[in-house]
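**Student:** Got a structure for you, questions after.
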Amino acid sequence: MIKKTLKEIQEMVDGSELEMRFEDLVICGVVIDSRAVTEGNLYIPIIGERVDGHSFASQAMVSGAGGIFWQKDIPGMPRDVPVIVVDDTKKALQKLAIAYKDELEMKVVGITGSNGKTSTKDILASILSTTYKVHKTPGNFNSEFGMPLTLLMAPPDTEIAVLEMGMRGLGQIQLLSDMAKPDVSVITCIGEAHIEDLGSRENISIAKFEITSGLSEDGLFVYHGDEPLLDARIAEANPVFKMISFGEDARNDYYPTSMGVDGNGMVFTIAQSDLTFNLSVLGKHNVMNTLSAIAVARHFDVSFEAIKKGMAQVEMSKMRMDVSYAKNGLMIIDDTYNSSPTSVRATLDLLYSLTGYEKKIVILADMLELGDETVRYHAEIGACIDPEQIDVLFTYGPLSEHTAEFSKVPLTQHFDDKVDLAKELARLSGEKDVCLIKGSRGMALEDVIEKLAN
């Protein structure tokens, strides 16, 4: 992580008013949450909609902060402590991250997409780590605050940073891309996430394509080639940077020549190598994520043997196709981190492909932030579930009542209480059954899994 004197920090952000007696003090690491301060951190107060971080500056110093930024138009600047005055604390955080990144001269991979960006980040970082010193976004630090903090956490010997870039609306990924100036930009897919804010999948594709904004002319763009909306963006932009596509269709640069389930993971082959690749996470969509990671790794001259090794060592973020077992032996596929129509269909396809189970059970909770078409999306999911493949469907949440209403699954039941749902699931399932559990983060379906384990 960043380790600099306060004088150096002040110069990096064009700050002012640092007292000479504090210039040689060394800070190590940056935080924007006063509760997270550890000894020697630089505390940067951020002005939010409801809370102004400047109110907690004194608390940060008591907790051991080595210095603080202070926005010049905010009254009450503390005295007799190491303070650097800046025009705007948010912009100063971003400026500091850019300056630090440029010092390290590391390569940057930026990843975005409606679904799959975190999984792709985890897979790619594991593959690249076989050959390079890699730093990746922790958790979901993918915002205008999280990404600069990620950059500032990078060890000085980092060779490649793998950065996840999220958004809430138009212009936000452009900000992140312009800040990070990626050498490689990746779009995993275009789905319905954020459609409430952006209005259409076409607008989502425009927003995601912003990840190419900071990409240099000799950079690489890796994209989901089965998505016509991205083809439209490329045709419109007529870019000069190199492009590589991935997908199921054989017209893509990277596509699976064979693919199947192997235990609790996936096995697949590609045209570019005679190796068979094993991925320790379930789902065809995760094979697609891995194809994009392979394309990036090959760009950085990682051998196929090293790619195979890196895939075997992947540590995925939690609640993304995690496999566990209930107390009664039921196999649980936990995909409770988030949900959208696209990702639900992808996980259903996975469940259809599994064999050897007496009952296949699906638990679906509400898909949030889908805008005006929310009811239609939930109804369509219910109608699309194949009753020949799924034996039981349980739904939870007010929106998922529409999923249950349109379901043709023989045993469909809606619940308003997770305790009741967990009890009924435990009653009718056993060690020869498999259950997929999926819902938006706000629905906290992991509560059901916890109850099954106790």
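**Student:** Going by the structure shown, is Ser317 outside the structural domain of Ser119 (by TED's automatic domain parsing) and either closer than 23 Å to Glu159 by Cβ or of a type in the set (Gly, Ala, Ser) (or both)?
**Tutor:** Answer is yes for this residue.
**Student:** Now for a separate question. Can you work out which of the residues in the range 78-127 that are free of Cβ contacts under 8 Å to residues at least 24 places away in the same chain and part of a helix (DSSP H, G or I) is farthest from Asn289 (Cα to Cα)?
**Tutor:** Out of the qualifying residues, it is Lys91.
**Student:** Ok, one more. Report, by residue number, each residue of the range 40-77 that is assigned to a loop (DSSP other than H, G, I, E, B) and charged (D, E, K, R).
**Tutor:** Glu49, Arg50, Lys72, Asp73
**Student:** Now a separate question. Quick check on the range 168-183. Is at least one of its residues without any contact (Cβ under 8 Å) to a residue 60 or more places away in the chain and closer than 18 Å to Ser440 by Cβ?
**Tutor:** Within the range 168-183, one or more residues are without any contact (Cβ under 8 Å) to a residue 60 or more places away in the chain and closer than 18 Å to Ser440 by Cβ.
**Student:** Residues of the range 177-218 being more than 18 Å from the chain's Cα centre (by Cα), over 23 Å from Ile294 (Cβ atoms) and not in a helix (DSSP H, G or I), which ones?
**Tutor:** Within the range 177-218, Lys181, Gly199, Ser200, Ser213, Gly214, Glu217 qualify.
**Student:** Of (1) buried (at least 24 other Cβ atoms within 10 Å of the Cβ); (2) assigned to a loop (DSSP other than H, G, I, E, B), Pro138 satisfies all except one. Which?
**Tutor:** Failed condition: (1).
**Student:** Quick check on my filter: what residues within the range 1-25 are assigned to a strand (DSSP E or B) and more than 15 Å from Leu152 (Cα to Cα)?
**Tutor:** Within the range 1-25, just Ser16 meets the criteria.
**Student:** Working only within the range 396-454, note down all residues that are of a type in the set (Lys, Arg) and buried (at least 22 other Cβ atoms within 10 Å of the Cβ).
**Tutor:** Once the filter is applied, which keeps residues that are of a type in the set (Lys, Arg) and buried (at least 22 other Cβ atoms within 10 Å of the Cβ), the range 396-454 yields only Lys438.
**Student:** Moving on to the next point. What are the pairs, 6+ residues apart or on separate chains, where a residue within the range 397-422 that is not assigned by TED's automatic domain parsing to the domain that holds Gly382 has its Cβ under 9 Å from a residue that is surrounded by fewer than 15 Cβ atoms within 10 Å (Cβ to Cβ)?
**Tutor:** Hits for this filter: zero, empty list.
**Student:** Moving to a separate point now. Looking only at strands (runs of 3 or more DSSP E) that fall completely inside the range 219-292, which ones have 3 or more residues that are within 16 Å of Phe304 (Cα to Cα) and not assigned by TED's automatic domain parsing to the domain that holds Ile332?
**Tutor:** 265-270, 277-279
**Student:** Suppose we filter Asp73, Asp80, Asp157 for residues that are in contact with a helix residue (DSSP H, G or I) (Cβ under 9 Å, 6 or more places away or on another chain) and over 25 Å from Phe241 (Cβ atoms); which single one remains?
**Tutor:** Residue meeting the stated conditions: Asp157.
**Student:** Report every pair of residues separated by at least 6 positions or lying on different chains whose Cβ atoms are under 9 Å apart, first residue within the range 241-255 and over 17 Å from Lys284 (Cα atoms), second among the basic types (Lys, Arg) and outside any strand (DSSP E or B).
**Tutor:** Taking only residues 6 or more apart or on different chains, the pairs are Ile244/Arg298.
**Student:** Can you name the residue in the range 258-297 that is hydroxyl-bearing (Ser, Thr, Tyr) and touching a Phe, Trp or Tyr at 6+ places or on another chain (Cβ under 8 Å) and is also surrounded by the fewest Cβ atoms within 10 Å (Cβ to Cβ) among such residues?
**Tutor:** Looking at residues that are hydroxyl-bearing (Ser, Thr, Tyr) and touching a Phe, Trp or Tyr at 6+ places or on another chain (Cβ under 8 Å), I get Ser258.
**Student:** Which of the numbered conditions does Val409 fail, given that it passes all the others? Conditions: (1) in contact with a Leu (Cβ under 7 Å, 6 or more places away or on another chain); (2) over 19 Å from Glu192 (Cα atoms); (3) of a type outside the set (Gly, Ala, Ser); (4) not in a loop (DSSP other than H, G, I, E, B).
**Tutor:** Failed condition: (4).
The values are calculated or read from the model by the stated rules, or taken from the named source; none is laboratory data. Note that this is a predicted model, so its numbers are computed, not measured. Note: ideal-geometry Cβ built from the backbone for every residue, glycine included; neighbour counts use all protein chains shown.
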